[in-house]
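This report concerns only the one structure given below.
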Amino acid sequence: MQTHATQAASFSQVEPGRFQRVKISLLGRYMLADRREFPCQVVDMSPGEAILIAPEIGQIGERVIAYIDHLGRIEGTIQAEEEGGFMVSVNASPRKREKLAAQLTWFANKDILDLPEDRRHERQIPDIRHSRIILEDGRNYRCKIVDISLSGAAVEIDVKPAMGTRITLGRMRSTVVRHFDDGIAVEFSSVQEIFNVVQANLRSE
C-alpha cells in the first residue's frame, strides 16, 4: 500500500534544465507584451514552466508577466499553445526556483495529504502579539497572534471572514484558510524569508 510519502507530489528534474510539473489550481492575472491584462488560472506548473488557462494566447516567444495568487510575480515567454491557453517558461534565479518548488509542492499536496495549513515551517509565538486585520472593503479589526510561521499565522479574532477571503494582517497580504474556536488561520500571499521580517510586518502602522 502506498504511503503519503509515496503519494505526495514532489519535483525532480526529468532532464537537464527541466522539472517535472505538478497539477495545481491557482488564479491570477497576466500581461502580454502590448500591456493588455487578462485573468488566468494556472493548472500545471513546475519551477521552470507553467500552463495557463487564458482568454488571450499571445504569440510564441512573446514575453509574459503574471501575478499568481500565493506565488506572486512570475515572468517568462510563451513556449506553446495549449488547450484553452498556453505554456509559459518561468525565468527565475536558482533561489527563486527553490522557493517556487517548495510552494508548489505544498499546493500540489494540500488535498492529497489533507494539510489544513503549511506545516513545513516551524511555528513560533511572536514578540508582537497584537495586530490588526483589514478586509478588502476597508473594515478592520484588532486581533491577537497565537503563533506564526514563515508562511502563515493563527489569529484570535472576534469575527471570522469566510475561508478564501483575502485580508491584510498587519502589512502582509493573506488568505483565510481555516477557522477554529477563537479565530482563524491565514496563509501569507508569499512565503517570508526570516521570522524577523514576519514579526516586523505584523505591525499595522
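Within the range 57-92, can you find the residues that are of a type in the set (D, E, K, R), modelled with pLDDT under 95 and assigned to a loop (DSSP other than H, G, I, E, B)?
Across the range 57-92, the qualifying residues are Asp69, Glu83.
Hey, Cys143 hits all of (1) assigned to a strand (DSSP E or B); (2) surrounded by fewer than 15 Cβ atoms within 10 Å (Cβ to Cβ); (3) modelled with pLDDT of 85 or more; (4) not hydroxyl-bearing (Ser, Thr, Tyr) but one; which does it fall short on?
Against the list (1) assigned to a strand (DSSP E or B); (2) surrounded by fewer than 15 Cβ atoms within 10 Å (Cβ to Cβ); (3) modelled with pLDDT of 85 or more; (4) not hydroxyl-bearing (Ser, Thr, Tyr), Cys143 comes up short only on (2).
Among the candidates Glu82, Glu37, Glu49, which residue alone is surrounded by 14 or more Cβ atoms within 10 Å (Cβ to Cβ), acidic (Asp, Glu) and either over 22 Å from Ser190 (Cα atoms) or free of Cβ contacts under 8 Å to residues at least 40 places away in the same chain (or both)?
Glu82
Could you tell me whether the range 1-14 includes any residue that is exposed (fewer than 12 other Cβ atoms within 10 Å of the Cβ) and either touching a Ser or Thr at 6+ places or on another chain (Cβ under 8 Å) or modelled with pLDDT of 85 or more (or both)?
No, the range 1-14 has no match at all.
Might you let me know whether the range 90-99 holds any residue that is exposed (fewer than 14 other Cβ atoms within 10 Å of the Cβ) and within 16 Å of the chain's Cα centre (by Cα)?
Yes, the range 90-99 contains a residue that is exposed (fewer than 14 other Cβ atoms within 10 Å of the Cβ) and within 16 Å of the chain's Cα centre (by Cα).
The values are calculated or read from the model by the stated rules, or taken from the named source; none is laboratory data. In this text the structure is predicted, and so the values were computed from the model without any measurement. A quick note on method: Cβ atoms are made from the backbone with ideal geometry, for glycine too, and the neighbour counts reach across all protein chains shown.
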